[in-house]
Ligand code: DGY
């Protein structure tokens, strides 16, 4: 049995596949495969391990319906037409849970770095601008004892809230479709309406999945309801915020700062105005990028491949409805 892997993945996952006698074909060039190239590679395989957001739409799915399984090297599956996959009973696997800590760490890092203008201050030194000291210069804002609002408090949001409460005594409010009992009990997190989240948050972090409902949610009208001292954090998906509206909100002082691990599009162009703003910190989508986390993700992705090739239920499945 053969798996096609669309980008280089960590050794842990490859070893698991070898141990299960799965033949590996890996795309190692540093460019995205064209849709027709991807289909051609998948045609000569029995399973597909998608590492890097390949578009898995209806056309693609119908072209590769001979595959026994498609396994994503990510928790997010916004690149997949899940309904179309379910319709043709194609199992789609993902890697939830193992990246919650690492991604929460990045959101936490962005909160603090943004509040103290850390990336900008570092750039100033590199440009020879570490000048005369003045007590009124280089000031950030404290986040200690302030309110952290989380839009989409799931596993990652919970880990972020835990860090913010323990390190800074932050009060946690959140907006979800349903209540997160664990966060309410353990962290005294309080469910609020979306408007209250906007009005009360000193730091507002997006930790939800990209869906039709969340796409473009943080736009001009939404930023206008936030505090002028608020910091906006997005370590989820860039398309959840409108980047032009965010830029304008920061330029006009409608909100105070932003920390982004995700942008729209990715990569962000190097001359983007957000990159030169003192109160903005941008990272290149590295939420899950630690040795340990990526190894764990590769292992889950490989486990999904092996289970799928054996015709077994995937241990981490996006569309369990196919088994109904
Ligand atoms: C995920 O797993 O969804 C991370 O954002 C990496 O894409």
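The values are calculated or read from the model by the stated rules, or taken from the named source; none is laboratory data. Predicted, not measured: the structure shown is a model, and the values here were computed from it. Here the Cβ is made from the backbone with ideal geometry for all residues, glycine too, and neighbour counts use every protein chain on show.
Taking the criterion of being over 17 Å from residue 286 (Cβ atoms), buried (at least 19 other Cβ atoms within 10 Å of the Cβ) and within 14 Å of the ligand (Cβ to nearest atom), the residues of the range 210-238 that qualify are 210, 214. Do the conditions hold for residue 94, that is, is it in contact (Cβ under 8 Å) with a residue 24 or more places away in the chain, more than 20 Å from residue 283 (Cβ to Cβ), touching a helix residue (DSSP H, G or I) at 6+ places or on another chain (Cβ under 9 Å) and within 16 Å of the ligand (Cβ to nearest atom)? It is true that residue 94 is in contact (Cβ under 8 Å) with a residue 24 or more places away in the chain, more than 20 Å from residue 283 (Cβ to Cβ), touching a helix residue (DSSP H, G or I) at 6+ places or on another chain (Cβ under 9 Å) and within 16 Å of the ligand (Cβ to nearest atom). Quick check on the range 247-260. Is at least one of its residues closer than 18 Å to residue 78 by Cβ and either surrounded by 14 or more Cβ atoms within 10 Å (Cβ to Cβ) or modelled with pLDDT of 95 or more (or both)? So far as the range 247-260 goes, yes, one or more of its residues are closer than 18 Å to residue 78 by Cβ and either surrounded by 14 or more Cβ atoms within 10 Å (Cβ to Cβ) or modelled with pLDDT of 95 or more (or both).
Scanning the range 269-293 for residues that are assigned to a loop (DSSP other than H, G, I, E, B) and either within 15 Å of the ligand (Cβ to nearest atom) or surrounded by 12 or more Cβ atoms within 10 Å (Cβ to Cβ) (or both) yields 272, 277, 278, 279, 283, 284, 285, 286, 287, 288, 289, 290.
Would you mention how many residues in the range 43-58 are assigned to a strand (DSSP E or B) and farther than 20 Å from residue 23 by Cβ?
First, the residues of the range 43-58 that are assigned to a strand (DSSP E or B): 47-50, 56.
Cutting the leftovers down to farther than 20 Å from residue 23 by Cβ gives us 56.
Residues meeting the conditions: 1.
Checking the structure you have, find out if any residue of the range 106-126 is part of a helix (DSSP H, G or I), within 12 Å of the ligand (Cβ to nearest atom) and outside the structural domain of residue 50 (by TED's automatic domain parsing). Checked the range 106-126: at least one residue is part of a helix (DSSP H, G or I), within 12 Å of the ligand (Cβ to nearest atom) and outside the structural domain of residue 50 (by TED's automatic domain parsing).
Scanning the range 59-91 for residues that are away from the ligand (no atom under 16 Å from the Cβ), surrounded by fewer than 20 Cβ atoms within 10 Å (Cβ to Cβ), in contact (Cβ under 8 Å) with a residue 60 or more places away in the chain and part of a loop (DSSP other than H, G, I, E, B) yields 68, 89.
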